[in-house]
Amino acid sequence: MSVPSLTANAVPSDCEELLPPFPTPMAYMPGGGAPAPGVAPVGSQYCVCKVELSVSGQNLLDRDVTSKSDPFCVLFTENNGRWSEYDRTETAVNNLNPAFSKKFVLDYHFEEVQKLKFALFDQDKSSTQLEEHDFLGQFSCSLGTIVSSKKITQPLLLMNDKPAGKGLITVIKYTLDPVWKPFTVPLVSLCDGDVEKPIQVMCYDYDNDGGHDFIGEFQTSVSQMCEARDGIPREFECINPKKQKKKKNYKNSGIIILRSCKINRDYSFLDYILGGCQLMFTVGIDFTASNGNPLDPSSLHYINPMGTNEYLSAIWAVGQIIQDYDSDKMFPALGFGAQLPPDWKVSHEFAINFNPTNPFCSGVDGIAQAYSACLPHIRFYGPTNFSPIVNHVARFAAQATQQQTAMQYFILLIITDGVISDMEETRHAVVQASKLPMSIIIVGVGNADFAAMEFLDGDNRTLRSHTGEEAARDIVQFVPFREFRNAAKETLAKAVLAELPQQVVQYFKHKNLPPTNSEPA
């Protein structure tokens, strides 16, 4: 059923002390530009902007004889023409490609040229004196260059400005003024659906080792947070109770600015079904020669004395579930890869009931009967082309989009035994179909190599067409039948249809189409 959820977009601000939110040199101004009415600019003497720099090295010089260098990085700042050490990282033992966990935190002044020098040394002794350690190279730049670039990778130089081998240094700016991405949380999880229920928000400084430092907290409610909308933010003081007790002049540990917050209704698969959405089921059956002669018991199309084979098992497993979601239970059943009478031309898109103007079969029983009846009248041939049948269903799915309603979603079940012959065309067809109310289920029968089918199933990577265009969403689910030969047919159906409800909801949500008879949120 539909579940209300809250979507929020927050940005922190700080005008007193360091915290992961990067301090702004001016009070928060909605939309930027001049200060908001009634808000006075805050001078730099009251607010210090800070940046956090992360340093890593690559291909450093190896100064040790029996092992690799043990590098550490020292940051120098310039003042009146003189360099002075500002801070240094930990030592990375026996490592020519270190990524230092210690970060350099500096005050940033836009109006000043702040020169920095990063020098790397190989620690040889326990001494803190740098001259006691081997020099590995250095790099100089201004803080403004780093801030404007976010990430810099440059070669390390020796004292004579010659390259320090192939050594590189990378300096990354970690912003202390993040604009956090909007997030969504179910309203029932956040506040049990009670928009007035107190909610405690806590802010931490993240540490890789899990020892996050507490910065501050505040209390609010969903109703208060929802005041942040239509370009008007809501500000909350981030309070550290311990510091508040210790410091008489303590105000806060920064300001959390909530830019927008609203309650959306998330519809479920069941909402769309109850709203009248019909699942339009089409079967595509592989009749290529690699399946074997259907009269031969070794053929994948051979119907055994029990009246079944792997093709029929797949049709029954999927069709018996999907037919409950189609009111007229009339399903197109198409074949591909066979020669058809009377001229015996190869077709990759033919009605298995041999009625091209009405390829519909009545229920799953009708599909099974049409399949069995057509076997003696066709010649298995090839190649194994998927794109014609994918494009066939996609044409109907495209017509359904003209209605701008969540009333039809198309499902193509392809049952095949072999490798796809038109892979580039199929990839393109699937990428285009991913923009439509359509999903593709592929059941591989037999023991062939199904690597191509698994490639189309975008669970682990985003599918791209041969032109590089990415699929809008993952719409292909591939299942090899051999993994379910000895299992109940319900097990196959569950595996095949597992992703379908999510794909239906994902499509209609992306198109901002609620269930047809739904009430407004």
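Over all directions, average the projected area of the Cα convex hull of the stretch 290-374 and note it in nm². All intermediate terms of the calculation are to be shown ahead of the outcome.
Working: hull surface 24.4 nm².
Its average projected convex-hull area is 6.1 nm².
Cα-Cα pairs above 38 Å in the chain: how many percent? List each step's numbers first, then the result.
Working: 72460 of 135460 pairs.
For the chain, the fraction of Cα-Cα distances above 38 Å is 53 percent.
Where the centre of each part is set by its Cα atoms, how far does the stretch 350-427 sit from the stretch 228-273, in angstrom?
52 Å
Which one of N80, F331, A99 is farthest out on the positive end of the charge dipole of the chain, using unit charges on Cβ (Lys, Arg +1; Asp, Glu -1) and the Cα centre as origin?
Going by the charge dipole, the pick is N80.
Residues in the stretch 376-406 near a label at A289, defined as backbone nitrogen under 19 Å from the 7 Å Cα→Cβ point?
Inside the label zone: 376-386.
Among F360, Y206, N59, pick out the residue whose Cα is farthest towards the positive end of the charge dipole of the chain, where Lys and Arg carry +1 and Asp and Glu carry -1 on C-beta, about the Cα centre.
In the chain, that residue is Y206.
If you place +1 on the Cβ of every Lys and Arg and -1 on the Cβ of every Asp and Glu, how big does the dipole about the Cα centre of the chain come out, in debye to the nearest 20? Each step should come with its number before you reach the end.
Numbers: 44 positive and 59 negative charges, 173 e Å.
Result for the chain is approximately 840 debye, rounded to the nearest 20.
For the stretch 328-404, what is the convex hull volume of the alpha-carbon atoms per residue, in Å³? Provide the component values of the computation, followed by the final result.
On the way: hull volume 7.7 nm³, N = 77.
For the stretch 328-404, the hull spanned by Cα atoms encloses 100 Å³ per residue.
Per-residue HN-Hα couplings for the stretch 293-303, Karplus 6.51 cos²θ - 1.76 cosθ + 1.60 at θ = phi - 60°, whole Hz, x for Gly and Pro?
After applying 6.51 cos²θ - 1.76 cosθ + 1.60, I find 5, x, 7, 8, x, 7, 6, 5, 9, 5, 8 Hz.
Can you tell me the alpha carbon radius of gyration of the stretch 424-521 divided by the globular rule-of-thumb value 2.2 N^0.38 Å? Present the calculation step by step, with values, prior to reporting the outcome.
Values: Rg = 15.5 Å, N = 98, 2.2 N^0.38 = 12.6 Å.
With N residues counted in the stretch 424-521, Rg over 2.2 N^0.38 Å equals 1.23.
Suppose we keep just the DSSP beta bridges with both residues in the chain; what percent of those would be antiparallel, to 5? Don't jump to the answer; show the numbers that get you there.
Numbers: 80 of 105 bridges.
Beta bridges within the chain, antiparallel portion: roughly 75 percent.
Pick out, in residue order, every one of the GluC sites (Glu not before Pro) in the stretch 69-135 that is DSSP loop and has at most 15 other C-beta atoms within 10 Å; say none if there are none.
Values: sites: E78, E85, E90, E111, E112, E131, E132; in loops: E90, E111, E112.
The qualifying sites are E90, E111, E112.
Let me know the longest stretch in the chain that avoids all chymotrypsin sites (Phe, Trp or Tyr not before Pro) found in a DSSP loop with at most 12 other C-beta atoms within 10 Å.
Details: sites that count: Y46, F110, Y206, W344.
No qualifying site falls inside 345-521, the longest such stretch.
Where in the stretch 188-203 is the amide nitrogen less than 13 Å from a point lying 7 Å along the Cα-to-Cβ axis of I263?
188-197
Taking amide hydrogens as modeled 1.01 Å from N in the peptide plane, which residues meet the under 5 Å criterion relative to G284, leaving out close sequence neighbours?
Sorted by chain and number, the residues that satisfy this are L334, L413, I414, I415.
Report, in cubic angstrom per residue, the convex hull volume of the C-alpha atoms of the stretch 52-137.
Hull volume normalised by residue count: 98 Å³.
No lab work stands behind these numbers, since they all come straight from the coordinates. Just so you know, these numbers come straight off a predicted model, no measurement behind them. Reconstructed Cβ throughout: ideal geometry from the backbone, glycine too, with neighbour counts over all protein chains shown.
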